[in-house]
Amino acid sequence: MQDKKKFYITTPIYYVNDIPHIGHAYTTIMADVIKRYKTLMGYDVFFLTGTDEHGQKIEQSAAKQGLTPKALSDKMVAHFKTLWKLLDIDYNHFVRTTDTYHEEGVKKIFKKVMEKGDIFLGEYEGHYCVSCESFVTDMAQDSGDGNKLCPDCGKKTQKVTEKCYFFRLSAYQDKLLKFYEENPDFVTPKSRMNEVVSFVKMGLKDLSVTRSTVKWGIPMPGEENQTIYVWFDALSNYLTAINYNQEDETFKKYWPADLHIMAKDILKFHAVYWPAFLMAADLPLPKKELIHGWWLKDDKKMSKSEGNVLDPHILLKFFNPDAIKYFMMREASIGSDGNFSHEGFITRVNTDLANDWGNLVSRTGGMTQKYFNLNFDSQAEYTQKEKAIEGQYIELEKEVVEFFDNYQFNKGLEKIFDFIGRLNKYVVESEPWNLAKDENKKALLAGTLKTLIRSILSINSLLSPIIPETAQKIKAIFNYDSPGLGWKDPGEKFQINEVLPLFPRVDIKDFFNETPKSPNAESQKLEKKDEKKTGKVDEKPPVSLPDGLITIDEFKKVQMVVARVLDAERVPNADKLLKLSIDTGTDTRTLVAGIANYYTPEELKNRKLIIVKNLQPAKLRGIISQGMILAASGPDNRPYIPIIPDETPIGAIMR
Ligand code: MSP
């Protein structure tokens, strides 16, 4: 048997000066999605993440908290590991730069480069940005007090004069340019590759790779009063974590890395310094670097200093990890920044996952239960319409694979959800509930439902790298699991299990109480303080309306639509309640209404009525009711359901 092709993927190793936020989670989620996708496509994948624990930034943070740098690191590593577990991140190894094997590996690389003559003693006089752990050139903008502002993060830098060792980066300028020319896709997207090329063309200065004024670092071999520069140390993790020390089979198998993922902030270190270090150490270079944009919060860059970082734990309190993964992969395109707003999050998750995908699965499962008692044991009939769906899926899969291969997950997901939308429409058009009324159409009904099940299983594989937990649930519902992609067919005779809700609806009020919209709690507190200081009040006072009046926007929040009753039955042991199956135009859902004393199930079947579609679901006698029927309330609360003209389309909005 031929060995599987390998794929080695890495995230940056994160600084331990603070707990992880949704921005760190994004890179790690993307790596996890790519790992799962490549595994699905038959690769043997190694996924590395970890923490960057040395250097001045951590030294200072620890001192502020009255901790040793190691104690701070231990504390933060626990935070990172817990979050990755909660997000169901399937990494193979977590590297820490304080791990002994890593420290030994870094010394080994350092010695190798030094023996080559590319590291030499000198003196650095210039500016240093502690936040970026980066040397800043004299060309940087002046801060007005003799210092410089960091061109990357804008923070004030420190002036440094120290004896240290330099890496002969200048000697690699031409070699790097040649490498970029021969590998134009080394950095993706292209715009980032162009930035790198221009940066290198401007000229490379030798780079300080040891510090004598920083104690918290790996001691330089042979010069114990120098520590190795944190970026030389950190970048080497990609080698040490796969056994660079032993240079064993694992190392030989996985190096060079297939994909380093990061945001644009650390592009220079990865696309200029890292290849130069590797060239100096006579090691092959990574194959590709994928550079994504920033996550913004309510259109502002998310960062600790902005006070607008989003704590993923709050989202995880309400949503399963799949919802977060789906939202992030669906909303952000690689080249540009993504915006995180709670409204956007809720809408995306409710519309795509709960309404479209969740509903397609549950209505298909529900109808299989209702009409076939969960068991297909007879022949099915397929018309042209059903047969065409297989072909449409195969086309879709081709397109999606191309997008996913290029890490354009948002585009691939858009295509998948278009297809899910078409399938939901197919349900409405084929009217299985009408087929079920005619014994002669039983085979056609089976064909319709089996076509839906095949489509669901096929789409489920395509979605599995992004929403793996849900994918497992769906496989379990349909008792079907097969590796890889392709049109999935459980055969003609099979049994399924009862469908439980895949994406339980979240109580939006609770969610917003916990996660104030914009700006976040921390910055709101800061703003309040500022108001007190400046005496400034909100420029636009809120408009107050006379008691009882609402604005048109408030009214518009209530989604009322024309719906049709597909089925109705009495709720056992509840005299007043009817359970209705309703077609809302975009989905089929269950509603429970307290009208059984006045309306019989028979007279409601097929009747059009108005429902409130976006009412928080409620559980009545164990049944989840998703919405409410509108009825006038007469004496003794007798309900009067308005008559809707027959020609009114289902799904029409009331306004
Ligand atoms: N320790 C270095 C990396 C060394 S890698 C050899 C470092 N650490 S970091 O904690 O600052 O992480 C930076 C990375 O975290 C970014 O490149 C990106 O992958 C991720 N992100 C942090 N904040 C982010 C956003 N707001 N948006 C998107 N990604 C974010 O730099």
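The values are calculated or read from the model by the stated rules, or taken from the named source; none is laboratory data. The structure displayed is predicted, hence computed values, not measured ones. All Cβ positions, even for glycine, are placed from backbone atoms using ideal geometry, and neighbour counts span all protein chains on display. Areas reflect the complete protein model, heavy atoms only, side chains present, ligands, DNA and RNA absent. Shrake-Rupley method; radii C 1.70, N 1.55, O 1.52, S 1.80 Å.
Structure summary
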| read-out | value |
| --- | --- |
| Residues satisfying the stated conditions in the range 484-513, i.e. among the aromatic types (Phe, Trp, Tyr) and more than 29 Å from the chain's Cα centre (by Cα) | Phe494 |
| Residue within the range 66-75 that is touching a residue at least 24 places away in the same chain (Cβ under 8 Å), within 11 Å of the ligand (Cβ to nearest atom) and farther than 19 Å from Leu239 by Cα present | no |
| Segments classed as helices (runs of 4 or more DSSP H), wholly inside the range 294-406, with at least 1 members that are within 25 Å of Asp583 (Cα to Cα) and aliphatic (A, V, I, L, M) | 342-348, 359-372, 384-405 |
| Criterion: part of a strand (DSSP E or B), of a type outside the set (Phe, Trp, Tyr) and free of Cβ contacts under 8 Å to residues at least 12 places away in the same chain - qualifying residue of Glu224, Glu181 | Glu224 |
| Selection count, the range 229-288, where residues are assigned to a helix (DSSP H, G or I) and of a type in the set (A, V, I, L, M, F, W, C) | 18 |
| Some residue of the range 302-318 being farther than 29 Å from Cys132 by Cα, among the aromatic types (Phe, Trp, Tyr), open to solvent by less than 40 Å² (accessible area, probe 1.4 Å) and more than 15 Å from the ligand (Cβ to nearest atom) | no |
| Among residues of the range 137-166, those that are part of a strand (DSSP E or B) and farther than 16 Å from Gln56 by Cβ, counted | 6 |
| Qualifying strands (runs of 3 or more DSSP E) (wholly inside the range 551-655; at least 3 residues being under 25 Å from Val427 (Cβ atoms)) | 560-570, 578-583, 588-593, 608-612, 623-625 |
| Some residue of the range 595-612 being among the polar types (S, T, N, Q), within 32 Å of the chain's Cα centre (by Cα) and either modelled with pLDDT under 85 or surrounded by fewer than 17 Cβ atoms within 10 Å (Cβ to Cβ) (or both) | no |
| Qualifying residue in the range 40-54 (condition: closer than 22 Å to Asp258 by Cβ, within 12 Å of the ligand (Cβ to nearest atom) and either among the charged types (D, E, K, R) or touching a Leu at 6+ places or on another chain (Cβ under 6 Å) (or both)) | yes |
| Lone unmet requirement of (1) closer than 30 Å to Gly293 by Cα; (2) touching a Gly at 6+ places or on another chain (Cβ under 8 Å); (3) within 16 Å of the ligand (Cβ to nearest atom); (4) open to solvent by 30 Å² or more (accessible area, probe 1.4 Å) for Trp216 | (1) |
| Considering residues of the range 246-264 that are on the phi < 0 side of the Ramachandran plot and surrounded by fewer than 16 Cβ atoms within 10 Å (Cβ to Cβ) only, the residue nearest to the ligand (Cβ to nearest atom) | Pro256 |
| Restricting the range 3-28 to residues that are β-branched (Val, Ile, Thr) and either near the ligand (Cβ under 8 Å from one of its atoms) or closer than 24 Å to Lys70 by Cα (or both), the residue that is most open to solvent (accessible area, probe 1.4 Å) | Ile19 |
| Odd one out for Lys57, checked against (1) of a type in the set (D, E, K, R); (2) part of a helix (DSSP H, G or I); (3) open to solvent by 50 Å² or more (accessible area, probe 1.4 Å); (4) modelled with pLDDT under 95 | (3) |
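Residues checked against (1) in a helix (DSSP H, G or I); (2) within 15 Å of the ligand (Cβ to nearest atom); (3) in contact with a His (Cβ under 8 Å, 6 or more places away or on another chain):
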residue: Lys38; (1), (2), (3): yes, no, no
residue: Ser61; (1), (2), (3): yes, yes, no
residue: Asp88; (1), (2), (3): no, no, no
residue: Phe110; (1), (2), (3): yes, no, no
residue: Tyr128; (1), (2), (3): no, no, no
